[in-house]
Structure formats: structure tokens, C-alpha cells
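**Student:** Handing you a structure now.
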Amino acid sequence: MTSSTSASEPVAPLVDPWAKPAPKALLLGLALVVTVLGLAAAGVRGLAAHVENPRASQAVERITSGAPWLIVGNSVAQSVVDPDRLAERLQVSAVAQASVDGALGPHVAALLRHHPPASGATVVVLMPTHNLLAGRLPSETDRALLVELLRWPDAPLTTLALGGAVSPLDLWRRDRVRARAALLGWVTATPLRIGAALSGVQVRVDDTLSNLGAEAGPVAGPSGPLPGAPPGRAVVEAEELPPESSVLPLLVEAAERAEARLIVVVPFDRRRQDAPCRTTPEDEAGRWLIERGVAVVDMRGAPLAPDAFSREFHLHNTGRAQATDLLAEGLRAVGPGAYWSGACGR
Amino acid sequence: MTFVQQEFLVFFALVLAVTWGMPLVGERRRVAQNAALLVASAVFYGWVEPWMLGLLLFSTVLDYGVTMGMARWPERRKALLALSLVGNLGMLGAFKYLGFFVQSVGDALGALGFVVHWPTLNIALPVGISFYTFQTLSYTLDVYRGKLTPRRSFLDVALFVSFFPQLVAGPVERARDLLPQLERPRQAAPSQLASGLSLALWGAVKKIVVADQVALYVDRCFVLNEPPPSVLFVASAAFAVQILADFSGYTDIARGTARMLGVNLTHNFNRPYLAESPSDFWRRWHISFSSWIHEYVYLPLCGGSGETRPSAARRTLATFGALLISGLWHGAAWKFVLWGAYHATLLTLWRGLSHVSPLSPPRLLRVGLMFTCTVFGWLLFRMQDVDTLRHVLQTAPWAGWSRAWPTVYALVGVIVAGGGVLALGGAIEARVSTIARSPWRPTVELCWWALAAALIFLMARSTQSDFLYFRF
């Protein structure tokens with residue numbers, strides 16, 4: 001930083017310490033530069049080593065927990081599904097919530113491929129279709145999350161992100177994102193913990209902030225290759241992506257390899273409640289999945305009160321119970337390769 | 001191109017090298033430097049949308065021609081001024097306000113029962129049009145008033161209008177401040193380069209380390225469907241931190257880069273949240289624009305140059321006129337009109353109260369009260385639409401507290417951290433002049449550059465957002 005000058009002040013001071021800097025001062029300055037940069041790098045590495053993305057590790061833990069039913073998706077799935085209630089409605093022993101906040105299709109595919117669920121488990125993928133079909137990972141945070149979900153360093157250097165490759169630089173990116181998340185997490189969680197202690201209320205910090213501080217980025221931006229992607233591989237807007245070129249084949253393959261049953265849920269959608277049956281990009285993806293024996297449950301037209309929504313796809317806690325019941329009805333109704341949409345009667 | 005793009009680093013390094021590396025002397029060197037800066041400004045501005053250069057050129061040619069005309073035909077000064085006003089404000093109106101106007105008229109007719117189906121006008125808003133229109137108008141107005149002699153050099157005038165560090169988001173420079181600097185020879189001084197770099201880095205830290213991080217939380221709150229009012233109000237306080245960091249960050253980068261090019265730009269912020277009254281706030285916030293509005297809108301509406309005291313009624317009308325224009329300048333939406341009206345009301349009420357009340361509350365209380373009022377203003381400014389205000393006014397402030405408090409506490413953390421960085425930086429900035437001539441200055445500045453680079457590298461995101469004032 002520097003002193004402020006107005007337009008009338010001289011630009012340079014009368015004695016210019018930079019014109020002929022004292023060797024001692026300069027040497028000390030350079031030593032300090034090296035120290036500051038070294039400390040910063042060590043700090044980032046140190047923070048990153050002690051902090052991991054809790055959502056990613058929690059999802060990995062849950063998906064490999066042996067639960068017979070798994071919910072995989074992003075924050076939409078977290079806001080829609082009450083796992084205990086769903087287990088009760090489906091009359092199964094357990095439903096594990098293995099969703100990761102901020103996840104896109106490539107993350108889900110990576111999760112299933114690198115951390116296979118128990119053989120015979122039912123995997124319910126629940127996220128907005130444009131997230132599921134996302135052809136690129138738009139932000140550094142997305143790429144870092146993908147690296148978190150791989151079994152690093154055992155994983156081969158190729159990922160599932162439509163031909164993208166993990167480079168050693170991605171590890172540095174992951175550390176940087178971890179350190180940043182740790183700093184921001186501390187900033188927001190500290191007053192929250194103080195508030196909780198003062199009021200004597202139990203609060204789960206992660207849940208409170210899950211929809212608040214996650215990095216918001218475009219789901220699919222202008223076309224462009226993923227960093228490190230093999231040349232010539234086009235990356236297109238999510239809704240323009242033909243299903244066979246999207247992450248869907250990788251998803252189906254991962255489920256087949258794990259001998260798991262896959263159900264894809266098109267989530268409740270506040271915007272489309274009035275016209276849930278019109279043809280949309282979701283239909284094309286749905287048809288593609290059904291042809292490969294995957295069940296598709298379309299909840300867009302489900303009779304969910306508009307005030308249950310906090311955003312287009314996210315629900316308030318109050319809407320969650322009703323949504324879970326409606327979802328259970330849809331999940332019970334489908335068999336392999338079936339399409340269920342209660343509102344449209346298909 | 002924006003300041004926080006990687007391309008800008010390469011671009012600016014080239015500009016610096018060309019500007020200071022010219023093997024010329026005297027007037028030829030100055031002219032060549034200005035020509036290089038003009039070309040650089042055109043590249044900077046037309047980087048993404050080259051067609052926008054046409055509008056910039058139109059405005060420049062118009063005001064150059066008008067001011068030359070004023071010198072040649074003094075008796076036609078009024079007509080020439082009108083031509084400049086119509087040309088510049090007409091261009092601004094067409095690109096910025098026409099769609100809003102058409103939609104508002106359609107809505108009004110619809111409310112009266114006359115449903116009209118006009119086509120939606122999707123007119124792209126040229127970046128920085130509000131800034132350079134006002135800047136070039138100040139030149140014409142000053143020439144008209146006889147405060148400035150018209151310049152014969154088209155190069156100097158064109159560079160005054162398009163000088164890239166402050167082209168797209170200010171400070172709105174007056175011709176009488178900037179033109180003389182462009183007209184005299186400039187030499188590179190090592191200290192000037194170093195202090196410019198320090199200032200630009202501080203601006204980048206404000207933008208990347210504070211504004212962009214706070215924005216993540218603020219943006220999430222303002223897209224919530226009817227959130228509890230407490231969340232909205234605290235999110236507005238966080239937005240107060242964000243917009244100050246974002247806009248003053250831009251200004252500091254602009255001032256820093258300009259300083260490295262040998263040009264001093266005016267101050268735009270002076271600790272605005274320490275304002276003790278609405279008028280004090282406007283003397284501290286976006287100073288170059290506020291003073292523009294004061295000089296070219298408020299004072300004429302008051303009926304003079306400020307030497308004779310206008311009546312209270314006239315001052316009130318002028319206040320509302322100036323602040324409504326100021327609000328609309330920020331964007332073609334009713335929420336900005338409301339924001340302007342709100343600040344005009346505050347100013348008027350404060351003025352009235354200060355005449356009536358003999359009490360003078362402690363400074364801390366005045367600052368706190370003014371900050372609270374400012375935050376409510378930012379709620380109007382940031383809200384998605386006017387419906388949000390309706391929701392806030394119809395809902396008890398404590399409604400939904402049981403589910404809102406964790407978010408509120410988390411936001412408080414964001415405000416304290418973001419505000420803390422700004423306050424600490426501001427306090428250090430105020431004291432840095434003490435080392436200006438110290439032999440240890442290079443040590444301190446080198447250290448600062450390393451720290452700033454580390455902070456920027458850690459906190460920069462690949463999904464970097466534009467500066468907020470680019471939208472205006």
C-alpha cells in the first residue's frame with residue numbers, strides 16, 4: 001500500500017529511496033520476500049494437509065458403508081431427501097445420503113467409479129439434469145472437488161470428466177482450494193459456534209452453511225476444453241450435450257461394474273410445475289437411460305406446494321418431509337428401465 | 001479487458017515498456033507517449049466488443065467538435081452545448097434506458113387496463129458508457145462556462161476521454177485535472193512506479209481477497225425466496241463491505257496503474273462508513289461522481305453557482321433531482337430510483353433535524369446511525385427487485401429468526417473478516433506516507449508485494465466476477 005496523493009501533489013517524493021536503494025535495505029527486502037512467499041506456501045500446504053473437504057470424505061465414507069440404498073447428487077439431493085424417512089417409507093434397513101454439495105455429473109461418476117457401492121445396492125442419482133449432464137467443470141473448485149473424490153494417488157491420471165486429465169498441478173489446486181475453504185470456514189464457523197454456545201443450541205455448522213458459502217459458478221459456460229483435455233474433444237453446453245457424449249455412459253458403466261441398480265431422479269422443479277409434461281432436454285437423457293435399463297423417476301410435476309421451495313430446485317426443511325414421501329412413491333413405482341412421472345401419467 | 005484478468009498483466013507490462021522506453025525527447029516524446037496510450041486504451045476497451053469503440057469515438061469527436069465550435073463561434077455556445085448534451089445523453093439514453101423506459105410505459109399502460117405487447121428490447125449496455133459520457137460532458141461544460149480553454153489537440157482530448165485505467169469505472173475525472181497532466185512531459189520515477197504498483201496491488205487484494213469472497217455469501221442470500229428480513233439486512237451489511245472493497249479496489253488499481261504511467265487520478269473514497277451524516281457520506285463515497293453531480297446537477301438546480309443561498313424548498317427539490325439522477329445513473333431499474341430517493345429523503349430529513357434539534361449525539365452514535373441508514377440503502381440497491389422490499393416491509397424484522405440465526409452469525413463472521421481487512425489496510429495506508437522518503441521504503445514495499453501476491457494467489461478464483469461498477 002502506499003500513501004494517497006491528490007492531483008496537485010508531486011508524483012514522486014523529493015528524495016527517491018528507490019532511485020538508489022541502500023544495499024542493506026534491498027537485501028533485507030529480498031530476504032523478507034523469500035520468507036513471506038515460503039511461509040505462504042508452507043501455510044497453504046500445512047492447512048491443506050490438515051483439512052480435507054468434509055463433504056467429499058463423508059460421501060466416500062457413506063457410499064462404501066454397505067447401505068442397501070444410496071442417494072448420490074448435490075445440494076439439491078440434500079435439501080430434498082430425508083434419508084431416515086425415506087428408509088422408513090421404502091421399508092429398507094438404511095438409506096445413506098452420499099451427496100456432495102456442489103457436485104456435477106463428473107463428480108458423481110467419479111464417486112461411483114472410484115468408491116464402488118456394495119454389490120446389489122440401489123443408487124439413486126438426484127440432481128438437476130443440467131448439472132448431471134454438465135460437460136465441463138467450470139471452476140477451480142469443481143476440479144479440486146473431482147480430485148478429492150478420486151482415490152489419489154492410487155487413481156490413474158485420467159479422470160472421468162469427459163476426457164479431462166488430472167495433472168500434478170491439480171494437486172496444488174486442490175491444496176489451494178482446501179486452504180481457502182479452511183480460512184473461509186473458520187471465518188464463518190467461529191461466530192456461529194460462539195452464537196450456538198451462547199444460546200445453548202446445537203447447530204451443525206456444515207449443514208447451515210452448505211447452501212450459503214459454496215462457490216457459485218456457471219454450470220456450463222462458453223464452450224472450451226477442460227484443462228488438460230485431449231485435443232479435439234469438444235466440450236459443449238450441458239443442454240446441448242447428446243446423452244451418449246455426456247457423463248451418462250460413465251455413470252451406467254460404473255453402476256454396472258459395481259453390480260448396483262441405478263435410478264436417476266429428475267428433481268422437483270418450481271419453474272416447471274405448471275408445464276411438467278412438455279418435451280425438454282431431460283426427456284432425451286431419460287430415453288437414453290431407459291434404453292439401457294436405468295429407471296428414471298421424474299418429479300417435476302409432483303404436487304409439491306410452491307412455498308416448499310427455497311430456490312428453483314432446493315427445498316426448505318419444511319418441504320423436505322413431503323418431498324421425501326412423494327419421492328418414495330416414485331421410487332417404489334419403478335422397475336428397471338421404467339419411466340415414472342406421476343403427474344403426467346406416463 | 002479487466003484489471004483482474006491474466007491478459008491485463010501482459011498488456012500492462014507492454015504498455016509500461018512502450019511508454020517509458022521511447023527513445024524520444026521533449027514534446028515528440030510526450031506526443032508519442034499519448035499516442036501509445038490512446039492505442040492501448042482502444043485495445044483495452046475494444047478487447048471483447050470492438051464495436052463499442054464506435055460509441056467512444058462518437059462521444060469524443062462530438063465534444064471535440066463542439067468545444068472547437070465554442071471557441072470559433074462564442075455566440076453559438078448554447079446551441080453547441082445543447083448539441084453535446086443531446087448527443088451524449090441521447091446515446092446514453094438509447095443504450096442504457098430505452099428498454100427500461102419502454103417496459104415501464106408498457107407496465108403503466110397495463111396497470112391502467114391497456115395491455116400492450118411491445119417487443120422486448122435487448123440492447124447491450126456498453127461497458128463504462130455512464131462514466132465516459134459524464135467525463136466528456138464535464139469537459140464541454142467547463143469550456144462552456146469559461147473555466148477551461150478548448151484544446152486543439154484531438155490526441156490529448158481523445159486520451160482524456162479514453163485513458164484506460166479509469167475508462168470503464170472511473171474515477172470520473174474532470175478535464176481541468178486530467179488534461180493538464182496529459183499535456184506536460186512525463187518522466188518515469190522509480191518511486192512513482194513502486195508506489196503505483198503498491199497501490200494497484202492493494203486494489204487487487206481488496207477485490208480478490210475481500211470483495212469476491214464476501215460476494216459468495218451475499219449472492220446466495222439475495223437469491224433466496226423470501227428470506228427472513230434479518231438475513232437480508234445482515235446480507236446488506238455484508239454487501240456494504242463487498243461494494244466498498246470492489247469499487248474502491250477498482251479505483252486503487254486505476255490510480256495505481258495511472259500513477260505508474262505518470263498520471264495522478266483523483267481520490268474516490270475517503271472512509272465512507274465513518275460518515276457522520278448523509279451529506280458527509282456523499283463527500284466520502286464515489287467522490288469524483290458525487291462532486292460531478294453536485295457541480296453540474298445540484299448547483300444548477302439550486303439556481304446558481306452556490307454563492308447565493310437558495311430557499312429550503314428549492315434545495316430540497318435540487319437534492320431530490322440530483323439524487324434521483326444519481327440513482328438512475330447506476331442502472332435502469334426502479335430499485336436504483338428508490339435508492340436515490342431514499343438518500344435524498346435522508347439528506348433532507350437530516351438537514352431539517354439538524355436545524356431543529358439542539359442535541360449533538362456522540363460521534364460514535366452518529367457514525368453508527370449513518371452506517372445503519374447506509375446499509376438499508378444498500379438493501380434497496382442490491383435487492384433483486386422491488387418485491388423484495390415489499391416482503392421486508394410486510395414481514396416482522398424478527399420473523400423466521402429461529403432458522404435465520406445461524407446464517408446471520410455466519411454472515412457476521414464474513415463482515416468482521418472482510419471489514420477488518422479493509423480497516424487494517426486503510427489504517428496502514430494512512431500511515432505509509434511516513435516512510436515515503438525512508439531508506440527502508442524498498443524493504444517495506446518488497447515485503448508488501450510478496451504478501452499481496454501470496455494473498456491474491458491463494459484467494460483468486462477461476463470464476464472471477466467482474467467489478468460491480470462495470471454494470472453501470
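The values are calculated or read from the model by the stated rules, or taken from the named source; none is laboratory data. Source: prediction; values computed, not measured. Because the Cβ atoms are built from the backbone with ideal geometry, glycine has one as well, and the counts that use them run over all protein chains shown. These accessible areas exclude ligands, DNA and RNA; they are computed on the full protein's heavy atoms, side chains included. Shrake-Rupley method; radii C 1.70, N 1.55, O 1.52, S 1.80 Å.
**Student:** For the stretch B:241-336, what is Rg from Cα atoms divided by 2.2 N^0.38 Å, rounded to two decimals?
**Tutor:** Normalised Rg, Cα atoms only: 1.24.
**Student:** Follow-up. Please compute, for the alpha-carbon atoms of the stretch B:237-279, the extent along each of the three principal axes and give them in descending order in Å.
**Tutor:** 35, 22, 10
**Student:** Nothing charged except the Cβ atoms of Lys and Arg (+1) and of Asp and Glu (-1): what's the magnitude of the dipole of the stretch B:1-127 about its Cα centre? Round to the nearest 20 debye. Let's see the in-between values first.
**Tutor:** Working: 8 positive and 6 negative charges, 109 e Å.
Once rounded to the nearest 20, the dipole reads 520 debye.
**Student:** A further question follows. Between B:LEU109 and B:HIS355, with labels modelled 7 Å along Cα→Cβ, what's the label distance in nm to one decimal, could you check?
**Tutor:** About 4.3 nm separates the two model spin labels.
**Student:** To continue, here is another question. What is the mean number of Cβ atoms from other protein chains located within 10 Å of the Cβ atom of each residue in peptide A:35-42, rounded to a whole number?
**Tutor:** 4
**Student:** Could you compute the net charge surrounding A:ASP16? Neighbours are other residues with a C-beta less than 12 Å from the C-beta of A:ASP16; K and R count +1, D and E count -1. All intermediate terms of the calculation are to be shown ahead of the outcome.
**Tutor:** Details: positive: A:LYS20, B:ARG437, B:ARG441; negative: none.
Net charge around A:ASP16: +3.
**Student:** How are the Cα pair distances of the stretch B:61-115 distributed, in percent, across 5 Å bins from 0?
**Tutor:** 4, 19, 16, 13, 10, 10, 9, 7, 6, 4, 1
**Student:** I've got another one for you. Of A:LEU27, B:LEU422, A:HIS316, which is farthest towards the positive pole of the protein assembly as shown's charge dipole, taken about the Cα centre with +1 and -1 on the beta-carbons of Lys, Arg and Asp, Glu respectively?
**Tutor:** A:LEU27
**Student:** Normalised by the number of residues in chain B, what is the relative contact order in percent for Cα pairs under 8 Å and 6+ residues apart? Walk me through the numbers before you get to the answer.
**Tutor:** Numbers: 559 pairs, mean separation 85.2, N = 472.
Relative contact order comes out at 18 percent.
**Student:** Please give the per residue volume of the convex hull enclosing the alpha carbon atoms of the stretch B:94-245, rounded to a whole number of Å³.
**Tutor:** 200 Å³
**Student:** Take the eigenvalues of the Cα gyration tensor for the stretch A:7-135, scale each by 5, and report the square roots as semi-axes in whole Å, largest first. The partial results should precede the final answer.
**Tutor:** Values: eigenvalues 614, 67, 29 Å².
Output for the stretch A:7-135: semi-axes of 55, 18, 12 Å.
**Student:** Which whole-number value in Å² is the accessible area per residue of chain B, probe 1.4 Å?
**Tutor:** Value for chain B: 42 Å² per residue.
**Student:** On a C-alpha basis, how far is the centre of the stretch B:193-265 from the centre of the stretch B:343-368 in Å? Whole number, if you could?
**Tutor:** 28 Å
**Student:** Per DSSP H run of n ≥ 4, the term is -39500 (n - 2.57); total these for the protein assembly as shown, divide by its residue number, and report the mean residue ellipticity at 222 nm rounded to 500 deg cm²/dmol.
**Tutor:** My calculation for the protein assembly as shown gives -18500 deg cm²/dmol from helical runs alone.
**Student:** What list of ³J(HN,Hα) couplings, whole Hz, do you get for the stretch A:86-103 from phi and the Karplus terms 6.51, -1.76, 1.60, once you set θ to phi - 60° and write x for glycine and proline?
**Tutor:** Running phi through 6.51 cos²θ - 1.76 cosθ + 1.60 with θ = phi - 60° gives 5, 4, 5, 5, 8, 6, 10, 5, 7, 10, 9, 8, 10, 7, 10, 4, x, 6 Hz.
**Student:** Something else now. Take A:ARG113, B:ARG271 and sort them by solvent-accessible surface of the protein heavy atoms, 1.4 Å probe, largest at the top.
**Tutor:** So, going from the largest accessible area down, we get B:ARG271, A:ARG113.
**Student:** State the three equivalent ellipsoid semi-axes of the stretch B:382-442, derived from the C-alpha gyration tensor as the square roots of 5 times its eigenvalues, in descending order and whole Å.
**Tutor:** Over the Cα atoms of the stretch B:382-442, the semi-axes work out to 43, 15, 8 Å.
**Student:** With bins 20 Å wide starting at 0, give me the P(r) of chain B over every alpha carbon pair, in whole percents.
**Tutor:** P(r) over chain B, rounded to whole percents: 21, 55, 22, 1.
**Student:** Please compute, for the alpha-carbon atoms of the protein assembly as shown, the extent along each of the three principal axes and give them in descending order in Å.
**Tutor:** For the protein assembly as shown, the Cα spread along each principal axis is 88, 75, 57 Å.
**Student:** Can I ask one more? Testing the spin-label approximation: label points 7 Å from Cα along Cα→Cβ at B:PHE58 and A:VAL92. State their distance in nm.
**Tutor:** So the two model labels end up 6.3 nm from each other.
**Student:** Counting every Cα pair in the stretch B:335-472, what percent are over 25 Å apart?
**Tutor:** 55 percent
**Student:** Ok, one more. Cut-off 20 Å, label point 7 angstrom out along Cα-to-Cβ of A:ALA197: give me the residues of the stretch B:402-438 whose amide nitrogen falls inside.
**Tutor:** Only B:405-417 pass the distance filter.
**Student:** Of all trypsin sites (Lys or Arg not before Pro) in the stretch B:75-170, which ones are in loop regions per DSSP and have a Cβ with at most 16 other Cβ atoms within 10 Å?
**Tutor:** Those satisfying the criteria are B:ARG145, B:LYS147, B:ARG152.
**Student:** Give me a single rounded figure for B:430-441: the average over its residues of other chain Cβ atoms within 10 Å of their Cβ. All intermediate terms of the calculation are to be shown ahead of the outcome.
**Tutor:** Details: counts 3, 2, 4, 5, 1, 3, 9, 5, 5, 8, 7, 10.
Mean shielding by partner chains, rounded to a whole number: 5.
**Student:** Can you tell me the relative contact order of the stretch B:127-193? Whole percent, Cα pairs under 8 Å, sequence separation 6 or more.
**Tutor:** Over the stretch B:127-193, the number comes to 43 percent.
**Student:** I would also like to ask the following. Given 0.36 nm per residue, what is the gain on full extension from B:VAL43 to B:ILE428 after removing their alpha carbon distance, in nm?
**Tutor:** 135.1 nm
**Student:** Compute the signed sum of charges (Lys and Arg +1, Asp and Glu -1) over the other residues within less than 14 Å, Cβ to Cβ, of B:GLY419.
**Tutor:** +1
**Student:** So which chymotrypsin sites (Phe, Trp or Tyr not before Pro) in the stretch B:34-115 are both in a DSSP loop and have at most 10 other Cβ atoms within 10 Å of their Cβ?
**Tutor:** Hits after loop and neighbour filter: B:TRP51, B:PHE114.
**Student:** Still on this structure: Per residue of B:397-408, how many C-beta atoms from partner chains lie within 10 Å of its own C-beta, taken as a mean? Walk me through the numbers before you get to the answer.
**Tutor:** On the way: counts 0, 0, 0, 0, 0, 1, 4, 0, 7, 14, 7, 3.
Partner Cβ neighbours, averaged per residue: 3.
**Student:** So what's the gap between the Cα centers of the stretch B:386-400 and the stretch B:103-173, to the nearest angstrom?
**Tutor:** When both Cα centres are located, 35 Å separates them.
**Student:** List, in the order given, every pair from B:LYS147/B:LYS207; B:LYS207/B:LYS335; B:LYS96/B:LYS207 whose Cα-Cα distance in the structure shown is over 30 Å.
**Tutor:** Where the Cα-Cα span goes over 30 Å, the pairs concerned are B:LYS147/B:LYS207.
**Student:** Across all directions of projection, what mean area in square nanometres is found for the Cα convex hull of the stretch B:123-191?
**Tutor:** 6.0 nm²
**Student:** Compute and list, largest first, the equivalent-ellipsoid semi-axes of the stretch B:156-282 from the alpha carbon gyration tensor, each √(5λ) rounded to a whole angstrom.
**Tutor:** Working from the Cα gyration tensor, I get semi-axes of 34, 16, 13 Å.
**Student:** Name the residue farthest towards the positive end of the dipole of the protein assembly as shown from the options B:ALA13, A:VAL100, A:ALA59, assuming +1 on Cβ of Lys and Arg, -1 on Cβ of Asp and Glu, about the Cα centre.
**Tutor:** Selected residue: B:ALA13.
**Student:** For the stretch B:125-267, what is the relative contact order in percent, using Cα pairs closer than 8 Å and at least 6 residues apart in sequence? Write out the running numbers ahead of the final one.
**Tutor:** Numbers: 163 pairs, mean separation 45.3, N = 143.
The normalised contact order for the stretch B:125-267 reaches 32 percent.
**Student:** Next question, about the same structure. Using mean Cβ contacts within 10 Å as the protection proxy, how do B:346-358, A:316-328, B:178-190, B:279-291 order, highest first? Walk me through the intermediate numbers first.
**Tutor:** Details: B:346-358: 13.5, A:316-328: 17.9, B:178-190: 16.2, B:279-291: 20.1.
For the peptides B:346-358, A:316-328, B:178-190, B:279-291, the packing ranking is B:279-291, A:316-328, B:178-190, B:346-358.
**Student:** Using the basic label-point model (7 angstrom from Cα toward the beta carbon), what is the B:VAL102 to A:ALA49 distance in nanometres?
**Tutor:** For the pair B:VAL102/A:ALA49, the computed spacing is 6.2 nm.
**Student:** What order, most packed first, do the peptides A:176-182, B:241-247, B:451-457, B:102-108 have when packing is the mean number of other Cβ atoms within 10 Å of each residue?
**Tutor:** Ranking, from highest mean packing down: B:241-247, A:176-182, B:451-457, B:102-108.
**Student:** Taking the Cβ of B:TRP20 as the center, what net charge do the other residues with Cβ under 14 Å away carry, scoring Lys and Arg +1 and Asp and Glu -1?
**Tutor:** Numbers: positive: B:ARG29, B:ARG30, B:ARG186, B:ARG259; negative: none.
Overall, the nearby charge balance is +4.
**Student:** Apply the Debye scattering formula to the stretch B:355-397, with a single equal point scatterer on each alpha-carbon and no solvent, then give log10 I(q)/I(0) at q = 0.14, 0.19, 0.31 Å⁻¹.
**Tutor:** These q points yield log10 I(q)/I(0) values of -0.50, -0.71, -1.06.
**Student:** Same structure, new question: Could you give the dipole magnitude of chain B about its Cα centre, charging the beta-carbon of Lys and Arg +1 and that of Asp and Glu -1, in debye to the nearest 20?
**Tutor:** On the way: 39 positive and 25 negative charges, 237 e Å.
Its charge dipole is roughly 1140 debye.
**Student:** I've got another one for you. Between B:ARG145 and A:LEU27, how high is the FRET efficiency from 1/(1 + (r/R0)^6) when r is the Cβ-Cβ distance and R₀ = 51 Å? Nearest 0.05.
**Tutor:** For R0 = 51 Å, the calculated efficiency reads 0.35.
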